[in-house]
Amino acid sequence: MIKINVDMEKCQHYGQCVFEAPNVFRLNDDDKLEYHATAEDSERDNVQAAIDVCPMQAIFIVD
Amino acid sequence: MTRPVVIIGASMGGLRTAESLRRSGYAGPIVAIGEEEHPPYNRPPLSKEVLAADVNHEAVAFPLGDAVADVEWILGRKVDRVDLENQIVTDDLGVEHHYEALIIATGLRPRRVDLPGMPKQGAHVIRSLDDAIALRSEISEGTRVVVYGAGFIGCEVAATAKKLGAHVTVIGKGPVPLLRPLGLELARDIQARQEAQGVNFFMGSTITKVTGGDRVESVLLDSGVELYTQVLIEAIGSEPNLELLHDNDVDLDGGVGADANLRVLKKDGTPWENVYVVGDVARFPIPQFCDYSRRVEHWNIPTEMARKVGKEVALQLSGDADAFAEELAKPFAPIPSFWSDQFDVSLLAYGLIDQADDIQLLEGEAGGDCVYGYYKRGELVGVCGVGMRSKVMGYRSQVGLTRP
């Protein structure tokens with residue numbers, strides 16, 4: 001399992017992460033980011049891609 | 001000794017390429033040479049958070065993860081000479097770096113106002129962290145600020161300076177700010193929202209003279225208007241950093257010419273086999289949006305390019321010819337994306353809006369939260385929203401030409 005943390009002070013809900021790791025991140029009905037704080041190891045590459053494309057650099061894998 | 005992959009440019013494009021090389025299985029040496037003293041950092045906050053608050057490099061630095069722990073970063077160093085024929089990059093200390101593959105990621109520099117008698121102090125650009133920190137120290141409550149250029153950087157800086165309590169005037173050539181990236185209707189809306197916050201605009205104007213001794217005192221417009229100011233922020237666009245390739249057989253017509261695999265092109269249109277380009281400096285084919293090769297200055301593009309190039313170079317150097325050929329058969333086909341924050345307005349866009357010949361309101365109401373669609377020959381080539389993120393994202397998969 002991997003643990004994921006999003007700094008919600010930084011996050012501006014751009015949703016770029018949603019395209020990279022749709023099983024982990026989504027925008028809710030109010031256009032705010034929601035995410036799973038843990039994910040299978042198989043999601044690691046997708047989450048890493050989401051980290052790379054986050055405009056605010058707000059996403060972290062907590063190892 | 002194995003020759004390294006050399007990356008010229010140690011900003012986001014250079015970093016992401018190094019990461020991609022490692023993730024694609026390349027375990028050999030990587031050397032990244034960058035002009036700035038700072039390790040790679042994120043530039044979009046420069047016109048916003050960095051200008052507004054007392055933050056340093058740490059606040060905007062990209063994390064250098066384990067994947068790139070053994071990259072040799074040569075920072076604060078310029079490249080003097082590139083010799084593609086002999087595969088040598090020479091830095092400004094005269095050190096020769098013989099490479100196996102070369103990545104050009106030299107980026108852009110801001111275009112400067114070039115008028116006779118320009119005062120030395122008070123005129124600023126905003127491209128690097130040091131630029132933003134230098135500008136920050138000059139803006140406070142009541143400072144008179146003129147922003148020259150009404151693109152995204154200009155409009156974002158104007159909003160940030162206004163929030164800091166400055167008197168802000170934006171001067172732009174076009175009839176409205178952001179005309180090319182947003183289209184007339186949305187651009188007018190953004191101008192109105194900026195004006196409602198107290199930002200002044202002189203559109204359809206150029207600066208003909210900057211007065212002052214050591215420091216900027218005023219700017220004269222072509223209309224004859226004179227605006228007294230303490231700070232002039234030049235946001236009139238960027239130029240690709242091409243000079244170090246001038247002595248080589250490279251297509252440098254408005255950017256480093258690249259093929260569909262981001263390999264650098266010779267003047268005859270054939271690619272250098274082991275030279276690639278990443279980032280804003282690249283002029284590349286993007287046929288799903290546009291029928292000519294071009295540069296695209298959107299933040300997501302260097303990262304997309306780096307993924308592609310890192311994979312290609314790793315496969316090329318692995319010696320697995322079949323896998324490399326398979327990767328080369330897949331052209332680079334990104335969906336450009338940008339966002340912008342100005343006061344309470346938050347824009348998010350996909351595609352290439354400047355290609356549009358028709359614009360339609362798709363969702364919401366003009367002047368409020370809304371989504372515009374941008375069409376070329378009847379096909380959706382771009383979408384841009386004020387707010388309404390989920391709606392904008394829903395259109396992402398629809399942008400692009402089916403008949404390029």
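Throughout, read-outs are computed from the coordinates displayed, never taken from laboratory work. Just so you know, these numbers come straight off a predicted model, no measurement behind them. Glycine gets a Cβ as well: all are built from the backbone with ideal geometry, and neighbour counts include every protein chain shown.
The table below gives the values:
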quantity: Neighbouring partner chain Cβ atoms per residue of A:13-19, average, 10 Å criterion; calculated: 5
quantity: Distance between modelled label sites at B:Q398 and B:I88, nm, 7 Å Cα→Cβ extension; calculated: 5.7 nm
quantity: Pairwise label distance in nanometres, B:D268 with B:R81, each label 7 Å out on the Cα-Cβ vector; calculated: 2.5 nm
quantity: Fraction of beta bridges assigned by DSSP in region B:219-298 that are antiparallel (%, nearest 5); calculated: 75 percent
quantity: Relative contact order of region B:1-160, defined on C-alpha pairs under 8 angstrom at six or more residues apart (%); calculated: 28 percent
quantity: Between helix B:12-23 and chain B: long-axis angle, C-alpha atoms, 0 to 90°, nearest 10; calculated: 30 degrees
quantity: Residue-span extension gain [B:K209 to B:D54] - 0.36 nm each, minus C-alpha spacing; calculated: 52.5 nm
quantity: In sequence order, calculated HN-Hα J values of region B:53-60 (Karplus, 6.51, -1.76, 1.60; Hz; x Gly/Pro); calculated: 9, 7, 10, 10, 4, 4, 5, 10
quantity: Most positive-pole-ward Cα, B:V147, B:V68, B:L135, against dipole of region B:50-206 from beta carbon charges; calculated: B:V147
quantity: Within 10 Å of each Cβ in A:26-33, the average number of Cβ atoms from other chains; calculated: 3
quantity: Other protein chain Cβ atoms within 10 Å, averaged over every residue that makes up A:51-59; calculated: 5
quantity: Most mobile listed residue (A:D29, A:D52, A:D41) in chain A, GNM with C-alpha springs under 10 Å; calculated: A:D29
quantity: Pairwise label distance in nanometres, B:L64 with B:D320, each label 7 Å out on the Cα-Cβ vector; calculated: 2.9 nm
quantity: For region A:15-25, Karplus couplings with θ = phi - 60° (6.51, -1.76, 1.60), whole Hz, Gly/Pro x; calculated: x, 5, 5, 4, 6, 7, 9, x, 7, 10, 10
quantity: Per-residue [θ]222 nm for the protein assembly as shown (sum of -39500 (n - 2.57) over DSSP H runs n ≥ 4, rounded to 500); calculated: -6500 deg cm²/dmol
quantity: Acute angle (nearest 10 degrees) that the helix B:300-318 long axis makes with the longest principal axis of chain B, alpha-carbon atoms; calculated: 10 degrees
quantity: Mean separation of Cα contacts under 8 Å, 6 or more apart, over the residue count of region A:1-62: relative contact order %; calculated: 50 percent
quantity: Chain B, relative contact order in percent, only Cα pairs under 8 angstrom and at least six apart counted; calculated: 15 percent
